[in-house]
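Below is one structure; the comments refer to it alone.
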Ligand SMILES: Cc1cc2nc3c(=O)[nH]c(=O)nc-3n(C[C@H](O)[C@H](O)[C@H](O)COP(=O)(O)OP(=O)(O)OC[C@H]3O[C@@H](n4cnc5c(N)ncnc54)[C@H](O)[C@@H]3O)c2cc1C
């Protein structure tokens, strides 16, 4: 196997403590989480207490000040080991809270960041709407200024991860009726008058992570709820989406490795035609191809993590990473399930759950087609 000089002994020690946390707090309860359709909210509070949430928040705002993405990468690798999609630390840490640190006011940072780092609050990102996902210019949710620094928010969002349990939402809304690309990012707190949840949505996979609809009806937002310049949301999101796409890749690849390991184990035990499935040349070639593809993705991912840590991960490279790792993941899941035969189609075999959970990776955080548009625009300027 490729030697991977990506982690320091300090990071490996962090891995040990996160693994211990998962073994103690999460793994024993997985069946219950699945039956109830989501993880206990309390788990995230415990994760915050131990420094696993928003650890990158500077110490002055209640975090650990560890500005190294590899901590998230390690957590993503460990979560894949226990096959628990509800513990998507990367999404909790990276998809929405950074908007507050990067673009928020001093007052917002002091008010919200300590709560996010401690797990007192969970923050979700709310962009997608019933009528517009890929096409951001098609958003209908709108915020109108009231002339005294406050705004009023109307509209709805859907498919929002952690939509049921989150206490805080970064909501994208149009702020200029004359310009569909002029957006603001607003902070909406659970409990605000006019905000309500819709359904908890039933999904193909990700059964222990809640996904929901959100509705906003004349929600009054004070200046502390406006992130930065309310006309610059589109620009803010461009930077944020590169981070979200890195995070999507960071979670998808460890799942691919896990699927390969499961298939490898299965084929060495399963017998057919007087041999094991591992003896067939087709099986060997499939496993070899998958390892080669995963290794190439690993090198690309680790490189992008280094770029991100150096503040140099651009939109198009993040899109290429997401496109490559998630398309490879799709092929790997399919091949690994195939190698299991009908057992792979049974819920009691972990490959079945991985296959279901993985399907969304080519869709959320921007579909594969949208990734191609971003890459081509960087190449051709159109
Ligand atoms: C489990 C889950 C969790 C999610 N979590 C969140 C979340 O936390 N926050 C959030 O805001 N959203 C979330 N989403 C929503 C997700 O990000 C969007 O659904 C996704 O971006 C695609 O948008 P859409 O469904 O509107 O598809 P559409 O935009 O309607 O696209 C439909 C199809 O058309 C294709 N298409 C669209 N435009 C083009 C084009 N120009 N050229 C070629 N093909 C095109 C797409 O690739 C796709 O295949 C989540 C979704 C799921 C299922």
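Odds and ends about this structure:
- The simple spin-label model puts a point 7 Å past each Cα toward its Cβ; for residue 46 and residue 280 those points are separated by 4.3 nm.
- At 1.567 mPa s and 4 °C, Stokes D of region 235-380 from Kirkwood alpha-carbon radius, µm² per second: 80 µm²/s
- Here the simple spin-label model places points 7 Å from the Cα toward Cβ, and for residue 271 and residue 1 these points are separated by 3.0 nm.
- Over the C-alpha trace of the chain, radius of gyration and Dmax come out as 21.2, 80 angstrom.
- With both labels modelled 7 Å from their Cα along Cα-to-Cβ, the residue 190 to residue 382 distance reads 4.8 nm.
- With the cut-off at under 11 Å, measuring from each backbone N in region 28-56 to a point 7 Å along the Cα-to-Cβ line of residue 200 picks out 33-41.
- Going by neighbour counts of Cβ atoms within 10 Å, the residues 370, 79 line up, fewest first, as 370, 79.
- Extension gain, residue 36 back to residue 229 (0.36 nm per residue minus Cα-Cα distance, nm): 65.5 nm
- Pairs of alpha carbons in region 1-101 whose separation is greater than 17 Å (percent): 54 percent
- Between 50, 36, 353, the GNM of the chain built on Cα springs shorter than 10 angstrom shows 36 fluctuating the most.
- Where both bridge residues fall in the chain, DSSP classifies roughly 85% of the beta bridges as antiparallel.
- When only Cα pairs below 8 angstrom with a gap of at least 6 residues are kept, the chain shows a relative contact order of 15 percent.
- The slack between residue 12 and residue 105, meaning 0.36 nm per residue of separation minus the straight C-alpha distance, is 30.0 nm.
- Residue of 361, 280, 139 that the Gaussian network model of the chain assigns the largest fluctuation, springs spanning Cα pairs under 10 Å: 280
- Radius of gyration, Dmax [region 123-229; alpha carbons; angstrom]: 13.4, 45
- Theoretical FRET efficiency, 1/(1+(r/R0)^6), r = Cβ-Cβ of residue 316 and residue 134, R0 22 Å, to 0.05: 0.85
- Relative to the dominant Cα principal axis of the chain, helix 9-21 is inclined by about 90°.
Coordinate-derived values only; no laboratory data. All figures in this text were calculated on a predicted structure; none of them were measured in a lab. Note that we place each Cβ from the backbone using ideal geometry, even for glycine, and neighbour counts take in every protein chain shown.
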